[in-house]
Amino acid sequence: MVSPMDIGPDSDLIASITPDVMTCFRRSHFFERLDDLLCPTGDSGLREVCGGDYKISERILETAGFDSDDLKDMFAVLRAEGACCDCEVLYNVAGSSRLKAEYWKRQAHGTEAKPKHGEAQ
């Protein structure tokens, strides 16, 4: 987790809104939708690739009805929770995800655990 000093002058605000923002993430099924795109089940479709940013998350949240002001706060909360990009949302913030489970399965088998950003997984 990032310390409050690392997230800038609005750290008190971010800390105060984090529980409510996390509720909004859960209520909109954000984590599940992101996991469906980065780690689809079976042969259900093409896997999107994290580009080292929040582009996939932004698309999901906009579709869920959040506006640009909401997104600014939501991404500040994600950064404060240790996620600097789409895949890190699932590795560091979501309670569980297929992407995280896949990572640990690869780790246990001694294969490359995490592809670099922009590489297919």
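The values are calculated or read from the model by the stated rules, or taken from the named source; none is laboratory data. Model, not experiment: these values are computed from the prediction. Neighbour counts are summed over all protein chains in view; Cβ atoms, including those assigned to glycine, are modelled from backbone coordinates with ideal geometry.
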When residues of the range 79-96 are filtered for being touching a Lys or Arg at 6+ places or on another chain (Cβ under 8 Å) and either surrounded by 19 or more Cβ atoms within 10 Å (Cβ to Cβ) or not aromatic (Phe, Trp, Tyr) (or both), how many remain? 4
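Here is a yes/no grid of residues against (1) charged (D, E, K, R); (2) under 21 Å from Glu102 (Cβ atoms); (3) assigned to a helix (DSSP H, G or I):
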residue	(1), (2), (3)
Pro19	no, no, yes
Leu34	no, yes, yes
Arg59	yes, no, yes
Gly65	no, no, no
Asp69	yes, no, yes
Met74	no, no, yes
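Just need a number here: residues in the range 49-65 that are buried (at least 19 other Cβ atoms within 10 Å of the Cβ) and of a type outside the set (A, V, I, L, M). Before you say what the answer is, go through the steps one by one.
Taking the range 49-65 and keeping what is buried (at least 19 other Cβ atoms within 10 Å of the Cβ), we get 50, 54, 56-57, 60-61.
From the residues that got through so far, the ones that are of a type outside the set (A, V, I, L, M) too are 50, 54, 57.
Residues meeting the conditions: 3.
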How many of the residues making up the range 37-57 are at pLDDT below 95 and part of a helix (DSSP H, G or I)? 0
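Take Arg26 and decide whether it is assigned to a helix (DSSP H, G or I) and either crowded, with 16+ Cβ neighbours inside 10 Å or hydrophobic (A, V, I, L, M, F, W, C) (or both). Let's see the steps before the verdict.
Working: assigned to a helix (DSSP H, G or I): yes; either crowded, with 16+ Cβ neighbours inside 10 Å or hydrophobic (A, V, I, L, M, F, W, C) (or both): no.
So Arg26 does not fit the description; no.
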